[in-house]
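Everything below concerns the one structure shown next.
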Amino acid sequence: MTKQQGYHLSVGGMSCAGCVSGVERALSGVAGVRQVEVNFVERSAYVTGDVAPEVLLQACDAAGYPTQLLRDDDDDQQQASEQMQYRRRLQQAGAAALAGFPLMFAMLFGVMPGIDSPLERGGWLLGGLLCLGVMIYSGGHFFRGAWSSFKHHDANMDTLIALGTGSAWLFSMVVLALPHWVPAEARHVYFEAAMMIISLVNFGAAMEMRARGKTSAAIHRLLDLRPQVARVVRDGREQDIPISQVKLDETLRVRAGERVPVDGALTEGSSSVDESMLTGEPLPVDKQPDDLVVGGTINLSGSFLCRATAIGEQSVLAQVIEMVRCAQSSKPAIGRLVDRIASLFVPTVLIIAVITFLAWMNVGPAPALNHALVAMVTVLIIACPCALGLATPMSIMVGVGKAAEYGVLIRNGEALQAAATIETVVFDKTGTLTEGRPVVSNVVLSHGCDEAQLLQIAASAEQGSDHPLAKAIMARASESELSLLPLDEFHSLSGFGVAAKVDGLPVLIGNSALMQKNSVDLTPLREPVSALIQQGETPVFVAHEGELLGVLALHDTVKSDSAAAVARLQVMGLQVVMLSGDQRLSAERVAKEVGIEEVVAEVLPSEKAQLIERYQNEGRRVAMVGDGINDAPALAQADVGFALASGTDVAMESADITLMRGSLHSVADAIEISQATLSNIKQNLFGAFIYNTLGIPVAAGLFYPLMGVMLNPVVAGAAMALSSVTVVSNANRLRLFKPRRGESS
């Protein structure tokens with residue numbers, strides 16, 4: 001299957017959650033588009049599919065949302081643009097407040113000039129024209145957005161603001177220019193309301209932008225890891241060039257203290273590299289020729305040459321950034337539900353506003369027109385669904401960013417929501433709970449042989465093999481500082497072991513079947529070998545010239561913090577299961593060591609997925625943690641698949657969450673962060689729904705028959721702005737969240 005192309009778009013003209021569905025409809029209607037995720041917080045969209053970016057831009061522009069293609073190198077420019085927008089909103093809020101405050105104070109203290117004489121009305125008309133100029137400067141974007149929505153048969157927050165403030169200004173001008181059209185008791189001007197509403201909405205938008213910028217901190221920190229310059233070797237000369245000009249397979253020089261510019265393989269020199277930004281491991285990693293280095297990591301000591309193996313979007317860091325961006329742009333099921341509600345919300349509010357106006361005109365007290373106008377404008381202003389639209393994406397952005405800080409890369413919002421509800425965690429054994437590298441744990445000798453002789457002969461025979469067991473034997477010989485004997489012949493016998501000639505003499509290394517096939521007597525070591533098998537060890541027999549020299553017992557070592565991570569998950573109330581294709585005794589030994597009671601062993605890859613499905617059919621929400629190709633079906637079947645970044649690409653492609661650090665504490669970190677994020681989303685949605693549910697009836701005049709008071713449109717504007725800032729601030733609380741054992745990961 002070919003990989004779908006992904007595009008990150010900056011979308012202009014989105015003023016509320018209602019716009020999200022409009023952008024999604026425009027992009028989804030393009031032929032070849034496979035998936036669309038619109039992020040209201042970032043005013044961006046992420047589109048995947050077989051489609052040209054120019055077609056996507058045209059579709060958005062035609063729908064009234066001017067759009068640009070975003071690239072990583074546009075990030076600084078985007079931040080500068082956001083800062084400029086923030087300052088502009090503050091300036092617009094200040095200008096409207098400067099015009100509105102004097103009028104508001106004059107009204108509150110009863111010193112507002114009258115509108116009875118022609119001279120007074122003439123002065124007010126000049127003031128109204130001044131207010132119009134302020135509205136054009138401070139609120140022009142609301143009216144432009146409303147007109148654009150109207151042209152595309154849509155309605156959004158701009159529609160509500162424009163109708164509310166425009167109605168107040170227009171009514172006031174009619175009162176002044178044509179007073180005889182308006183009953184005497186209804187002759188009142190509302191310039192101060194229009195000014196203050198525009199001021200407060202702009203101020204709220206500015207505060208929202210400021211808080212919103214903090215949510216992208218994780219992306220910005222990742223982008224800061226990218227070096228801007230690389231020192232490349234061309235024609236025998238070293239020269240500094242922009243990172244974008246580095247070509248594949250070029251040779252680069254990396255000096256001590258510098259960040260590695262691109263992914264590469266050492267060709268000359270050695271060094272110690274800090275890879276903590278990628279793996280979370282504080283200890284530096286020694287690098288020798290042929291070892292791989294990752295762009296963005298820090299060369300601590302020594303200078304080396306490396307060959308560029310991955311550049312641009314193919315680098316590990318670029319893929320990490322892309323994964324975080326995709327996840328921050330995606331929505332869980334709860335977010336999509338909110339978007340559908342928000343898309344219907346504005347039209348509903350317009351209907352409610354009309355009904356409110358008509359109700360006051362027909363059954364309201366005198367002056368009916370004044371009361372009807374105030375109630376209608378207040379409903380339009382207070383009902384803006386900004387808080388509703390921000391509730392989910394703000395929390396998703398902060399939560400995904402927080403997870404990235406702990407080395408947890410969440411692929412999408414669905415995975416984040418699903419991880420919060422996990423009940424059962426299934427671990428693969430080899431390479432997940434264990435190191436995935438067998439070691440020689442015991443040596444059993446036959447008569448007439450010592451350990452050094454056995455290891456020397458075995459390691460000499462295995463020097464022609466890449467098998468993990470062979471590497472373990474050679475590592476043990478190396479630790480004992482044993483020299484290797486000449487290897488004359490080497491034959492790998494699949495399913496049995498190795499047949500070789502060492503220093504001219506025949507050597508057999510393998511399982512009992514190989515020994516029996518070659519008539520090697522195993523009787524002397526039958527009892528100790530049986531005991532090793534009962535302990536879950538893997539016996540490797542060594543025979544020299546047809547005689548059994550001894551047995552090397554090997555097992556896979558458990559990761560140092562696997563037991564603590566499993567215990568932490570169990571304390572969280574999760575059921576933990578171990579799943580392995582290995583023999584039962586070996587699997588049970590590891591399970592006992594890490595504290596897992598439920599063990600399923602000797603299963604094929606397809607059977608792993610079937611087991612996950614069986615748990616799901618029992619009503620469990622299941623997570624699978626693995627690292628190998630054989631885990632891919634189970635990772636895909638699970639409600640949430642966790643893949644270790646040290647594993648295969650196939651496993652990571654099949655998983656919903658990638659763990660960049662080797663520690664299994666990252667699984668618990670991911671679940672805790674997901675739970676905290678989902679809780680934060682629910683808090684935001686509760687606040688937003690309560691605000692709109694209570695705010696609209698109050699604005700419509702619900703309390704007037706009981707208390708004789710109506711909600712002022714200016715107060716409605718302040719409440720609307722405050723609701724958005726409250727949601728943003730609550731989402732940013734997630735930035736302070738720390739998993740209970742996150743420091744151990």
Q) From the Cα gyration tensor of the chain, with a ≥ b ≥ c the square roots of its eigenvalues, which class applies: rounded if a/c is under 1.5, or else prolate if a/b is larger than b/c, or else oblate? A) prolate
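Within the chain, what whole-number % of the accessible surface is contributed by carbon and sulfur, with the 1.4 Å probe and all protein chains included in the calculation?
Values: 18630 of 32940 Å².
Carbon-and-sulfur percentage of accessible area, whole number: 57.
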(Q) If I model a spin label at I533 and Q91 as a point 7 Å from the Cα along the Cα→Cβ vector, what separation in nanometres do I get? (A) 8.3 nm
Q. What nm distance separates the two modelled labels at S560 and R735, each placed 7 Å from Cα along Cα→Cβ?
A. 3.3 nm
Q | Cα-based helix-to-principal-axis angle, 191-215 vs the chain, degrees rounded to 10 | A | 10 degrees
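If each residue of separation counts as 0.36 nm, what is the full-extension length gain between D50 and R307 once their alpha-carbon separation is subtracted?
Details: separation 257, 0.36 × 257 = 92.52 nm, distance 3.23 nm.
Answer, rounded to one decimal: 89.3 nm.
Given a cut-off of 23 Å, name the pairs among K559/K592; K429/K471; K247/K402; K287/K501 whose C-alpha atoms lie farther apart than that in the structure shown. Walk me through the numbers before you get to the answer.
Values: K559/K592 13 Å; K429/K471 20 Å; K247/K402 33 Å; K287/K501 34 Å.
Cα-Cα > 23 Å for K247/K402; K287/K501; rest within.
At 0.36 nm per residue, and after removing the present C-alpha to C-alpha distance, how many nm does the segment from S117 to E545 gain when stretched out fully? Numbers along the way, then the final one.
Values: separation 428, 0.36 × 428 = 154.08 nm, distance 12.40 nm.
In short, 141.7 nm is gained.
Starting from the Cα-Cα distance between S10 and N442, subtract it from 0.36 nm times their residue separation and give me the gain in nm to one decimal. Could you put the intermediate results ahead of the total?
Numbers: separation 432, 0.36 × 432 = 155.52 nm, distance 6.12 nm.
Length gained, S10 through N442: 149.4 nm.
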(Q) Quick check: from the Cα gyration tensor, does region 690-745 come out rounded (a/c under 1.5), prolate or oblate? (A) prolate
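Counting only heavy atoms of protein chains, what accessible area per residue, in Å², does region 297-451 have with a probe of 1.4 Å? Before the final figure, lay out each step's value.
Details: 5130 Å² over 155 residues.
Dividing the accessible area of region 297-451 by its residue count gives 33 Å².
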Q: List every residue whose amide H lies under 5 Å from the amide H of Q35, counting only residues 5 or more places away in sequence or on a different chain, with H placed 1.01 Å from N in the peptide plane.
A: T48
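I'd like the antiparallel share, as a percent to the nearest 5, of DSSP beta bridges with both residues in the chain. Could the numbers behind the result be given before it?
Values: 77 of 96 bridges.
For the chain, the DSSP antiparallel bridge percentage is about 80.
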Q. If one takes the longest principal axis of the Cα atoms in the chain, at what angle in degrees, from 0 to 90 and to the nearest 10, does the Cα axis of helix 451-462 lie?
A. 70 degrees
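Accessible area per residue of region 568-706 at 1.4 Å probe, in Å²? Kindly include the intermediate steps, with their values, before the conclusion.
On the way: 5620 Å² over 139 residues.
Dividing the accessible area of region 568-706 by its residue count gives 40 Å².
Report the net charge of residues surrounding G504, where surrounding means a beta-carbon distance below 14 angstrom and charges are Lys +1, Arg +1, Asp -1, Glu -1.
Working: positive: K501; negative: D488, E489, D503, E545.
Computed value for this residue: -3.
The values are calculated or read from the model by the stated rules, or taken from the named source; none is laboratory data. The structure presented is a predicted model; accordingly, all values stated were derived computationally and were not measured. Cβ coordinates were reconstructed from backbone atoms using ideal geometry, including for glycine residues, and neighbour counts include every protein chain displayed. Areas reflect the complete protein model, heavy atoms only, side chains present, ligands, DNA and RNA absent. Shrake-Rupley method; radii C 1.70, N 1.55, O 1.52, S 1.80 Å.
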